[in-house]
Amino acid sequence: MTETATSPVESAAAGLQEGAWHPLPEAAASAAGLVGGLTGLVPGIVLAGLAGGWVPGAWWLRLCVGLLVLLLVPMSLALLARVRVRRVRWCLDARGLYVCRGLLWRHEILVPRSRVQHLDIERGPVERHFGLATLIVHTAGTRMHALRQAGFNDAEAVALRDILVPEARRHDDAL
Amino acid sequence: MTTPSDPKPTPSEAAAAMAVAGERRLHPLSWLFVAIQQLKQFALPLLVLLVTGRGNTWELWGMVGAGGLVLYSLLLYFTYRFRIEDDAIVIRSGVLQRTVRNIPFSRIHNVALHQTLLHRIAGVAEVRLESAGGAKPEAEMRVLSLADAQALEELVRGQHGEAEAGADPQAGPPPSRVLLQLPTSEVLRLGLISNRGMIVLAAMFGVLAQTGEGFGEMIEGSARLVAGWVKQQHLDSASTLIGALVLFLAAIILMRVLSVVLALLQFHGFTLSESGRRLSAERGLLTRMRASLRRDRIQAWSLRETLLHRWFGRQSLRVDSANLAQVHDDRALRDLAPVATPDTVDGLIRHLLPGASWPLQQWHRLHPRAWRRQFTLPAVVTVLLAAGLGWKEGLPGLCLLLLLPLWLLRARVWARHAGYAFESGVIAVREGWLDKRWRFAEVRKLQAVKLSRSPLDRWHGMATLWLDTAGANAMEMPLRIRYLPLDEAIALRDRLAPELEAPVIPARTPA
């Protein structure tokens, strides 16, 4: 396999260490927290309205309860998103890309190098602000046809993409 | 850049030019076609707006909508860029969520050009790059000038030509050989085993129920008629019971007759034959259907043995093919052996999977407590239901608890049968108690591996190993091994991983 012979050089250039487990950068937790908090705002407002209407008592008490709920819902969602990101570990070795993630349901996914069909790198506005990128590895499979992992450093994602891009002359042996 | 007004270059020149040029955009008119495409999707809401519109405001809203569409299409046009590299095409798109997509030429199986009348007038074409297994095309370029589209097609073909020229040297069709032929008696058995009649009846009921209230009245009327007749006959409860049983039996027999008729229609004269690397099957009484499949395109296998199969001493064998478009097409070759004796099925598998020594010998059991996982859920549901019923109806409600021993038996039988095997490059899973299923695939056909642990799995020290193949049907049993002891699951995953990365195995069978 020529790929395994060349990739350590390439990955060394990008500062990737093969065969070791890496966490996501700290910025990924911040970005996920921010997105989680923002998405939590809508249910937060709805729940705050409901709670404020439901609690008996003086208007200031209702306001306090409403504000508390409005604060708590996005905060807990942001916290959840942060914890989720902190749990992610990934590893690239001669076989392929491993990603380990999940809080209650834990998943360890392996996409072999030879099965990569094509790759996407996505950068949303928040990710661009934090210098992050989402890597999507597509295979020809059905249930796991795409491995999507957000929160890579931009350079890391690009390096991973360049390593995982299938060789031109490799025949589609799996299909 | 090639514009439609240029004198038409030959595709190969254009391909060469395309490869050198840097980042490119779509055809300048592409925003128009995107807008038209979007308009088609929004046609219904717009129409509703038009019809229900009050006063003059709808015109305004229509204008806003159209303006928005054009703006959106223009944005798409200005943000969509593609670049041809040595061995891949790189596409950048997206306004806020920006995507860079790398598609290696070697992974593109098909370049589809699509031209409507409007496209032809403008001298452009819609290009779709399709790769294996994907449910939707890898890239949709709406639209490229015709010259560019053909150049792209040429470029991809050129990359492929070298690889495929050597792979397909068949000059004439090799002699074909019959692998399996179903005589009418077997097709009758297939009808008796399968439940096609039920499906048709359900579909018929569905259609009739759609037709309106007449159907409901008809049902109600006939039910009343029967009830009245029963009352007239002054039957005692025993005869009523017997009558009901007879009716029930008659319904079952009718259903089976329907199934047999359907099986005859669909599978009469089923012949599976092999010619070179190609398998083909012919079947049907009135409409003859012929489907074929390259045998190296088989991705995964499903073997099934229901209770009825067992009574008749038969099994059925199906396969998945890589072509996802065929998954939902019933003309595709999926049934290798609609019904056959276990020996025939084993022989067929041995013939088509020569590397594997089917039937596999080393079956491993699951976690010793796997039966508990199968027992718990139905047991908990039953107990809850019984508690609810007992609270409402008193003691008779508790009769539901009699189901518990049945669930226990089911779980024990399930666990005794369930297992997995990994030998000679084939990974296989079996499950079921009355309805036994085997699912297996060559390891070199696996696409990805996932080790999952739910909270319950972690509580029991178990893990689930998911194995993904191309072209798998979502309705069928997935290729996954549940309730594995954790260390065994990890060990199995680590044994599978190097074989997944193994280089191409030369064809082990003479073509």
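Looking across A:148, A:143, A:101, one residue alone is surrounded by fewer than 20 Cβ atoms within 10 Å (Cβ to Cβ), facing another protein chain (nearest Cβ under 7 Å) and at negative phi. It is A:143. In this entry, residue B:438 is excluded by the filter for residues that are assigned to a loop (DSSP other than H, G, I, E, B) and either free of Cβ contacts under 8 Å to residues at least 24 places away in the same chain or assigned by TED's automatic domain parsing to the domain that holds residue B:333 (or both). Looking at (1) in contact with a Ser or Thr (Cβ under 6 Å, 6 or more places away or on another chain); (2) open to solvent by 70 Å² or more (accessible area, probe 1.4 Å), find the lone condition where residue B:275 falls short. Of everything listed in (1) in contact with a Ser or Thr (Cβ under 6 Å, 6 or more places away or on another chain); (2) open to solvent by 70 Å² or more (accessible area, probe 1.4 Å), residue B:275 misses just condition (2).
Residue count for region B:122-138 under the criterion of being at pLDDT 85 or above and either open to solvent by less than 10 Å² (accessible area, probe 1.4 Å) or of a type in the set (Lys, Arg) (or both): the result is 5. Where strands (runs of 3 or more DSSP E) fall entirely within region A:95-173, those with at least 1 residues that are among the aromatic types (Phe, Trp, Tyr) are at A:96-101, A:146-153. Among the residues of region A:83-98, the ones that are under 11 Å from the mean Cα position of the chain (by Cα) and open to solvent by less than 70 Å² (accessible area, probe 1.4 Å) come to 3 in all.
Just one of the listed residues (B:489, B:418) is in contact with a Lys or Arg (Cβ under 7 Å, 6 or more places away or on another chain) and in contact (Cβ under 8 Å) with a residue 24 or more places away in the chain, and it is B:418.
Hey, can you tell me all the residues within region A:114-129 that are facing another protein chain (nearest Cβ under 7 Å) and either hydroxyl-bearing (Ser, Thr, Tyr) or under 10 Å from residue B:448 (Cα atoms) (or both)? Within region A:114-129, A:114, A:115 meet the criteria. With respect to the stated conditions, residue B:491 is assigned to a helix (DSSP H, G or I), out of contact with any Gly (no Cβ under 8 Å at 6 or more places or on another chain), open to solvent by 20 Å² or more (accessible area, probe 1.4 Å) and aliphatic (A, V, I, L, M). Note on region B:249-367: enclosed strands (runs of 3 or more DSSP E) holding 2 or more residues that are among the charged types (D, E, K, R) and under 22 Å from the mean Cα position of the chain (by Cα) are B:278-283, B:289-294, B:298-305, B:315-321. Each residue in region B:78-115 was checked for being part of a loop (DSSP other than H, G, I, E, B) and open to solvent by 50 Å² or more (accessible area, probe 1.4 Å), and 7 pass.
The values are calculated or read from the model by the stated rules, or taken from the named source; none is laboratory data. Given the structure is predicted, the values throughout are model-derived calculations rather than measurements. So basically every Cβ, Gly included, is an ideal-geometry build from the backbone, and we count neighbours across all protein chains shown. When the accessible area is computed, the model is the full protein with side chains, heavy atoms only, and any ligands, DNA or RNA have been set aside. Shrake-Rupley method; radii C 1.70, N 1.55, O 1.52, S 1.80 Å.
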